[in-house]
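A short worksheet on the structure shown next.
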Amino acid sequence: MEKKIHYGWIIIFMGLLTTVAAHGFGRMAYTILLPAMKDGLHFDYTQLGLLGTANFIGYLSMAIIGGFLAARFGTRTIISLALVLMGITMILTGLAKSFGFAFSMRLLTGLGNGAAFVPAMALGSAWFSVKKRGFATGIVSGGIGLGTFLSGIIVPFLLSSYEIDGWRYSWYILGTIVILIAILVFLFLRNQPEDKGLLPVGQKEAIQNSSSNNKVSSLEWNKVYRMKSMWYLGVVYFFYGLSYIIYMVFFAAYLVKEMGYTQAWAGGLWAIVGGLSIFCGVIWGSISDRIGRGKGAALAYLVLGISYIVYAVFKSEAGFYLSAILFGLTAWSIPTIMAATAGDFVGPRLAPAGLGFITLFFGIGQSIGPVLGGYLADVSNSFTIPFLIAGGISFVGMIFSFYLKTPLKNN
């Protein structure tokens, strides 16, 4: 008798918890903590941008490697170890007293982030048929929004509860939660449907030549970087990394340091972004399932670009709310579509490696973004120009998306 609940849904829930920890706590919390860390450590915006870049350099370093390692050794082992690394280094970030130590810890957190997030986003490709792949991947990416929402609630509470060094206690607590999530993931995550004697959700029969061995040889990895379409997909992903991160890193600093709003108000608005973005992956993943990955990505880039420009131009509460709503509803659209597209191109077994490869381009973009945004803010004494630049970059991504090749839906 067929089971009422396919184990694939438990896998997707584990993927969601992973993205809550990896992106929601490990990365997005930094946006809310940035103003308090600036006051506590007396860093300028260029240094704070470099801390963001350290995280993204680590992410970039492990994103592609982590994807291939997951394809070789299994997602369960790689994700669990990566989350443990993240939790430990987040706790140590709270002990930072110098720029060098803070930079090192953010770098190590980024390493864990990349090694956990990329394989997690590829779980939908392994456990779901192509017609449900965008939807399933969207659920996993919803963890980013849920983690962001929780960060927007937890961090301001901790900052107000501990007037001195509240940002340190925030890192301690968030890091501990990440370690607890790592334990849950290790207990329940499985690598492939074959591990449970199952077919992917929505697939009626086994794919010919499929194998129960989920390990991938190095020779098969060549398939990923020899595909021209994967290189183009990486370029499309690059524009997202370069643009969204400027908005993300300096979101709260703009409101608190330039516009004069309180930390609590900025945290509340950030919580709205996180709350709305919980569902954006499912929405945009489903849209890409219906109208195609390229058109879906182009539409998403359009909305993202508008949200950045509104944030820069309409300097009022109405403008900030409008920008936050537009961004929240679209925030993780591109990663969701890119993850599904990578799986479409290279198939379920190579999906982590394929996503890791294009994440290299994404990582380069988001490594450049924080330093570029921080430098422009220091030079112009305003965040207006950085946000406008982010909008323009997003529109370029929209144009490139229109020419994205349609993946072969044969896996």
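Among the residues of region 266-276, not a single one is in contact with a Leu (Cβ under 8 Å, 6 or more places away or on another chain) and not in a helix (DSSP H, G or I). The sole residue among Y321, Y375, Y308 that is surrounded by 24 or more Cβ atoms within 10 Å (Cβ to Cβ), among the aromatic types (F, W, Y) and in contact (Cβ under 8 Å) with a residue 40 or more places away in the chain is Y308. Looking at I65, is it of a type in the set (V, I, T), at pLDDT 80 or above and more than 16 Å from W171 (Cβ to Cβ)? Against the criterion (of a type in the set (V, I, T), at pLDDT 80 or above and more than 16 Å from W171 (Cβ to Cβ)), I65 qualifies. Identify all residues within region 11-52 that are in contact with a Phe, Trp or Tyr (Cβ under 9 Å, 6 or more places away or on another chain) and β-branched (V, I, T); write none if there are none. Residues satisfying the conditions are I11, I12, T18, T19, T31, I32, T46. Name the single residue that is nearest to I358 (Cα to Cα) among those in region 50-106 being touching a Ser or Thr at 6+ places or on another chain (Cβ under 6 Å) and hydroxyl-bearing (S, T, Y). It comes out as T53. Can we say G347 is modelled with pLDDT under 85 and either in contact with a His (Cβ under 9 Å, 6 or more places away or on another chain) or surrounded by fewer than 24 Cβ atoms within 10 Å (Cβ to Cβ) (or both)? For G347, the condition - modelled with pLDDT under 85 and either in contact with a His (Cβ under 9 Å, 6 or more places away or on another chain) or surrounded by fewer than 24 Cβ atoms within 10 Å (Cβ to Cβ) (or both) - is met. Counting only helices (runs of 4 or more DSSP H) wholly contained in region 1-104, the ones carrying 3 or more residues that are of a type in the set (A, V, I, L, M, F, W, C) and more than 22 Å from G142 (Cα to Cα) occupy 29-41, 45-73, 75-93.
Among the residues of region 90-127, the ones that are touching a Phe, Trp or Tyr at 6+ places or on another chain (Cβ under 7 Å), hydrophobic (A, V, I, L, M, F, W, C) and in contact (Cβ under 8 Å) with a residue 60 or more places away in the chain come to 2 in all. If the condition is being charged (D, E, K, R) and modelled with pLDDT under 90, then region 105-135 contributes K131, K132, R133.
The values are calculated or read from the model by the stated rules, or taken from the named source; none is laboratory data. What you see is a predicted model; the values in this text were computed from it and never measured. Neighbour counts run over all protein chains shown; Cβ positions are idealised from the backbone, glycine included.
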